[in-house]
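Note sheet for the following structure.
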Amino acid sequence: MSQVISLTDRRDATPPVFVPGQPLLDMRRRPLHDLRISVTDRCNFRCTYCMPREVFGGSYKFMPHADLLSFEEIARIARVSVGLGVQKIRLTGGEPLLRKNIEALIEMLAQLRTPDGASVDLTLTTNGTLLAKKAQSLKDAGLTRVTVSLDALDERLFERMSDSKVNVKTVLRGIDEAARVGFRPVKVNMVVKKGVNDDQLVPMARHFRHSGHVLRFIEFMDVGTTNGWNLEEVLTGAEILKKIGAEFPLEPVPAQYRGEVAGRWRYVDQAGEIGVITSVSQPFCGDCTRARLSPEGQLFLCLFASAGHDLRAIVRSGAGDDVLVARLASIWGARDDHYSELRGHATTQQKKIEMSYIGG
Ligand code: SAM
Ligand code: SF4
Ligand code: SF4
């Protein structure tokens, strides 16, 4: 597997000076474009690669409700971030549809406008268990797109990977209902673990061909410290494409914008498009424009960061938006994170936040 190391490329010696009205750049000249908001650290699944039950079992202490940002607090941070350049907001978790009345938050976020008056691309990633019930209300609240995670079509394997009693049909019904209410295309995320669900690659591809949905294959990542990650279990994007392409010939689709996470491919026979997210074998830190807000208001600059920046304290201190703008500008300006380019090297830190806390 190739590792790309580019420790010195495009890095400024000092944080860039933020000029209001100009794009907010970090030390590697990456603008702040995307905000991922984790609304809860709870989940009704215990996916083995994300929340292994041995760790997230009955005695695990989830965040008390009072610690969570309220919807008003989230919306305020989002509004200030949009003023600084954010154009895409993704709600995630834990399982975001477990957060009570999430539609009310979506309604608030759907009102946001960028400095040039555009609305924000407002998306949500879900395990799909509650989607059939909620798709219409999410759409009515103003959500623009939805991504559903599904790792297998085989019921037994799905139960084993999600460590739940939910069946595949429930998730497929959620996807259908999302499409029916107008979320088209639905993106479907499949985390691929070598020797665990790689036999599902072709069945999943076959199932979603001609559906209009975009199936995206995600390399198993070393997020957090509890999922027992091991490089041996990573099936690379190249290997995934080879397996799918042998059955259904593929051709590349050019990227649409800077910072697009998934490499895009389409079936030569016009049966649709797929994506491959290669954060392990081909890191894309150079174009990473994402900040992540945790359920209790810590801002993380990288999925693999060990510490965040406390925005809740500012929001609850009574300080005005000018203070929040200045803090966000200084946090982002000093950002130098590029973990995936360093993966496996001595400088890689040991302590990392969990995926179920910060979201994908
Ligand atoms: N619960 C929701 C869901 O599963 O869609 C949202 C949160 S989940 C943390 C977001 C995404 O992260 C999911 O698509 C999940 O498959 C992915 N994910 C979790 N752990 C991962 C890992 N170790 N490697 C790669 N992707 C992972
Ligand atoms: Fe829950 Fe999503 Fe993590 Fe699975 S990947 S345990 S559904 S948060
Ligand atoms: Fe972005 Fe960090 Fe992932 Fe690199 S490792 S792409 S900086 S989140």
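The values are calculated or read from the model by the stated rules, or taken from the named source; none is laboratory data. Keep in mind that this is a model prediction, so the values were computed, not measured. Ideal geometry is used to build each Cβ from the backbone, glycine not excepted, and the neighbour counts take in all protein chains shown. When the accessible area is computed, the model is the full protein with side chains, heavy atoms only, and any ligands, DNA or RNA have been set aside. Shrake-Rupley method; radii C 1.70, N 1.55, O 1.52, S 1.80 Å.
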Practice task
Return a yes/no flag: does region 346-353 have any residue that is in a helix (DSSP H, G or I) and within 16 Å of ligand 1 (Cβ to nearest atom).
Solution key: no
Handout entry: Residue that is of a type outside the set (Asp, Glu), away from ligand 2 (no atom under 16 Å from the Cβ) and under 20 Å from VAL191 (Cβ atoms), where the choices are SER340, SER279
Key = SER340
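Check whether at least one residue in region 308-320 is among the small types (Gly, Ala, Ser), modelled with pLDDT under 90 and away from ligand 2 (no atom under 16 Å from the Cβ), and report yes or no. Talk me through it step by step, then tell me what you get.
Step one: of region 308-320, the residues among the small types (Gly, Ala, Ser) are 308, 313, 317-320.
Within this subset, residues satisfying the condition of being modelled with pLDDT under 90 are none.
No, region 308-320 has no match at all.
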Handout entry: Boolean, ARG90 is out of contact with any helix residue (DSSP H, G or I) (no Cβ under 7 Å at 6 or more places or on another chain), part of a strand (DSSP E or B) and not β-branched (Val, Ile, Thr)
Key = yes
Practice task
Residue by residue through region 266-283, note down the ones that are open to solvent by 20 Å² or more (accessible area, probe 1.4 Å), at pLDDT 95 or above and in a loop (DSSP other than H, G, I, E, B).
Solution key: VAL268, ASP269, GLN270, GLY272
Practice task
All but one of (1) small (Gly, Ala, Ser); (2) open to solvent by 30 Å² or more (accessible area, probe 1.4 Å); (3) assigned to a loop (DSSP other than H, G, I, E, B) hold for GLY57, so report the exception by its number.
Solution key: (2)
Exercise for the section: Scan region 300-327 for residues that are in contact with a Leu (Cβ under 6 Å, 6 or more places away or on another chain) and open to solvent by less than 30 Å² (accessible area, probe 1.4 Å) and jot them down. Expected result: GLY308, LEU311, ILE314
Exercise for the section: Considering (1) within 16 Å of ligand 2 (Cβ to nearest atom); (2) surrounded by fewer than 20 Cβ atoms within 10 Å (Cβ to Cβ); (3) more than 30 Å from GLY318 (Cβ to Cβ), say which one CYS50 fails and leave the rest. Expected result: (2)
Completion exercise
When region 133-156 is checked residue by residue, the ones that are hydroxyl-bearing (Ser, Thr, Tyr), open to solvent by 10 Å² or more (accessible area, probe 1.4 Å), outside any loop (DSSP other than H, G, I, E, B) and closer than 20 Å to LEU215 by Cβ are SER149
Practice task
Tell me which residues, restricted to region 112-132, are assigned to a loop (DSSP other than H, G, I, E, B), open to solvent by 50 Å² or more (accessible area, probe 1.4 Å) and touching a residue at least 12 places away in the same chain (Cβ under 8 Å).
Solution key: PRO115
Handout entry: LEU98 vs. criteria within 12 Å of ligand 2 (Cβ to nearest atom), open to solvent by 40 Å² or more (accessible area, probe 1.4 Å), of a type outside the set (S, T, N, Q) and at pLDDT 95 or above
Key = yes
Practice task
Within region 182-202, count every residue that is more than 16 Å from ligand 2 (Cβ to nearest atom), farther than 16 Å from GLU239 by Cα and open to solvent by 20 Å² or more (accessible area, probe 1.4 Å).
Solution key: 3
Exercise for the section: Give the residues of region 114-143 that are closer than 18 Å to ARG36 by Cα, away from ligand 1 (no atom under 15 Å from the Cβ) and out of contact with any helix residue (DSSP H, G or I) (no Cβ under 8 Å at 6 or more places or on another chain), sorted by residue number. Expected result: ASP121
Problem - Close pairs from region 222-233: first at positive phi, partner open to solvent by less than 40 Å² (accessible area, probe 1.4 Å) and among the basic types (Lys, Arg), Cβ under 9 Å, at least 6 apart - result: GLY224/LYS352
Exercise for the section: Could you tell me whether region 17-26 includes any residue that is under 24 Å from VAL192 (Cα atoms), touching a residue at least 40 places away in the same chain (Cβ under 8 Å) and not in a strand (DSSP E or B)? Expected result: no
Fill in the blank from the handout: Within region 259-275, residues farther than 21 Å from LEU91 by Cα and within 16 Å of ligand 3 (Cβ to nearest atom) come out as GLY263
Exercise for the section: For region 321-331, indicate whether the set of residues that are part of a strand (DSSP E or B) and either within 15 Å of ligand 1 (Cβ to nearest atom) or in contact (Cβ under 8 Å) with a residue 12 or more places away in the chain (or both) is non-empty. Expected result: no
